[in-house]
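Engineer: Here it is, the structure in full.
The values are calculated or read from the model by the stated rules, or taken from the named source; none is laboratory data. Fair warning: this is a prediction, and the values are worked out from it, not measured in the lab. Note that we place each Cβ from the backbone using ideal geometry, even for glycine, and neighbour counts take in every protein chain shown. Surface accessibility is based on the protein's heavy atoms, side chains included, excluding ligands, DNA and RNA. Shrake-Rupley method; radii C 1.70, N 1.55, O 1.52, S 1.80 Å.
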Amino acid sequence: MTLSTKKIDVPEEFEESHESTLEKPNLDGDRLNLVLLTTLYIIQGFPIGLTVAFALILQSNKTVTYEEQAILSMAFWPYFLKIVWAPIIDAFYIRWIGRRKCWLLFLQTLMGLLFLYLAINISDWLPNEGKPDLTILIVVIFFANFLSATLEIVVDGWSLTILKKNNLNYTATCCTLGIQTGMLIGSTGFILLVSEQFIIKYLNMKPGTGGLVTMKSFFFVFGIIVLFNILLIGILKKEKNNSLDKDYIQINVFQNFKVLWDLFNLPRVKIFILALLTMRLGFIVTDNVSEMKLIDVGVSKDDIMIIGLAVYAIKIVAPFFLSKYINSTKPLSHLLNLILIKLFWNAIYAVLLYYTHSIIHKNGVVHVPTYYYFMLGLVIIINEMMNFFMILLLTSFFCRISDPRFGGTYMTLFNAVYFTGFLMTKTLGIQLVSLLTFSKCSINFNNICSASNMKNPCVTSERICEVYIDGYYTGTVICIIVGCIWYGVFKNILKEYQLLKPSYWLVNVEEYNTKEVV
């Protein structure tokens with residue numbers, strides 16, 4: 001596969017003025033649908049946040065090892081693997097209930113019952129004192145994330161048909177707003193509400209009163225909310241019968257897998273997938289190592305978490321102010337502009353980190369001045385908002401090029417590819433900084449402190465491993481260079497892709513044999 005930045009020569013499929021052919025968004029008749037989609041995405045985001053919360057609670061209780069934390073992280077795997085069963089969700093359904101609605105009722109009923117079951121047993125599985133039952137906790141959280149990941153396939157597919165075509169770009173807003181809110185409730189909201197330390201410090205409560213709510217009541221309320229939501233959808237929401245559409249086609253599960261394979265093999269899709277997988281190479285150090293470096297130089301992790309709370313709050317309201325750009329006809333142009341700004345922001349972040357030690361350390365004592373908090377907050381918030389805006393723009397483009405007939409398969413493929421690239425670069429960024437960092441023992445310059453068997457003798461002799469080349473800064477420079485190369489390779493390609501008619505991204509399914517389903 002070769003990449004070319006030459007103009008795409010497809011005159012029969014290319015729109016000379018793509019913007020002029022699109023209808024302007026009109027929310028009349030779709031406002032309740034937008035509320036419904038946002039609510040569904042909130043429920044979907046809750047297990048993601050809960051997984052993070054459990055990891056932090058277990059770590060703070062000092063009842064698990066890092067190896068056990070690694071096993072707990074496997075609970076995220078369904079979000080990477082969902083592409084395997086996405087064609088099944090698209091192919092099997094009960095027509096009289098609705099193609100998406102039947103799966104939605106089933107999945108959310110299971111999720112509601114799961115959290116009621118968790119509420120009943122959480123005191124035994126995660127006691128205040130003693131060893132938690134880690135095995136059952138991992139199984140329950142994994143299953144919750146499996147339901148959430150499968151629910152994402154259903155909701156992404158339904159969003160392509162529940163809204164009018166001229167309002168499809170609002171799906172990105174509903175998705176990001178809902179998932180971020182759900183993650184906030186499941187992580188920060190859960191930890192603070194059940195934390196006794198939080199109410200003692202900030203609400204002046206007496207020790208021994210527990211948190212504002214118990215874990216049992218928290219999960220019980222959420223389970224009831226999910227089941228009540230399903231009851232309302234089952235009674236009040238009727239799914240449109242898309243079999244009446246002139247382009248409707250009904251295929252079996254094996255043919256749906258062939259749709260996925262044919263989609264993956266479209267030349268433009270291959271190049272687009274390569275762009276998604278490598279898009280974050282320019283930011284792997286800044287986005288994945290900066291907070292670790294801040295803690296290393298003396299910034300409190302609690303201070304970073306408070307800034308993170310502000311980031312969540314801004315993310316929840318930001319889509320309303322960014323809708324003009326998200327719903328534009330050229331989302332990838334805005335994305336490319338953001339990538340250039342983020343590459344510049346890498347340098348800003350690195351400069352702040354470089355001077356942090358001298359700013360907050362006075363006479364060997366850590367004292368963080370107020371102005372530094374403002375600088376740090378500004379740098380982190382702008383960086384995180386650019387990441388957030390990039391996801392919004394990509395989701396908007398995914399919605400535009402996805403075939404509504406196989407929406408779950410299309411959206412799952414693109415989302416899974418981007419998420420895979422995100423996770424790969426996370427590991428790569430940490431490894432890159434480690435590889436490019438060089439140290440030596442202050443008592444023995446021949447000891448380069450490259451492994452624990454060399455670090456331990458140095459530390460034992462009351463000396464330190466002094467870093468003389470910090471891989472963070474070297475890695476940042478390399479990332480900026482790689483990011484500029486990526487921009488040069490994909491700039492013209494992506495700009496041309498956003499001008500292609502949506503029909504150019506469709507696979508040919510006319511030769512498939514139709515097969516009735518229940």
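Engineer: Once the Cβ-Cβ distance between residue 365 and residue 129 is put in as r, and R0 is 45 Å, what FRET efficiency do you end up with, to the nearest 0.05?
Structural biologist: 0.80
Engineer: Taking the full set of protein chains and a 1.4 angstrom probe, give the accessible area of residue 99 in square angstrom, rounded to the nearest 10.
Structural biologist: 40 Å²
Engineer: Also, quick follow-up: What is the distance, in nm, between label points placed 7 Å from the Cα along the Cα-to-Cβ direction at residue 492 and at residue 297?
Structural biologist: Each label point lies 7 Å from its Cα, and together they span 4.1 nm.
Engineer: Arrange the residues 79, 117 by how much accessible surface each exposes, largest first, with a 1.4 angstrom probe.
Structural biologist: The ranking, largest first, comes out as 117, 79.
Engineer: Just subtract the alpha-carbon distance of residue 264 and residue 192 from 0.36 nm times their residue separation and send over the number in nm, one decimal.
Structural biologist: Extending this stretch completely gives an extra 21.6 nm.
Engineer: Any idea how far apart residue 92 and residue 213 come out in nm if each label point goes 7 Å out from Cα toward Cβ?
Structural biologist: In this crude spin-label approximation the distance works out to 3.4 nm.
Engineer: Going down the list 101/342; 82/165; 101/495; 165/270, which pairs span over 31 Å between their C-alpha atoms?
Structural biologist: Violating the 31 Å Cα-Cα cut-off are 101/342; 101/495.
Engineer: For 31, 400, give me the order by solvent-accessible area with a 1.4 Å probe, most accessible first, ignoring ligands, DNA and RNA.
Structural biologist: Order by accessible area, largest first: 31, 400.
Engineer: Hey, another quick one. Under 13 Å from a point 7 Å along the Cα-to-Cβ line of residue 81: which residues of the range 136-170 have their amide N that close?
Structural biologist: Residues passing the 13 Å test: 139, 142-147, 149-150.
Engineer: Next up: If each residue of separation counts as 0.36 nm, what is the full-extension length gain between residue 329 and residue 139 once their alpha-carbon separation is subtracted?
Structural biologist: Length gained, residue 329 through residue 139: 64.1 nm.
Engineer: Given labels modelled 7 Å from the Cα in the Cβ direction, how far is it in nm from residue 375 to residue 306?
Structural biologist: Output for this residue pair reads 1.8 nm.
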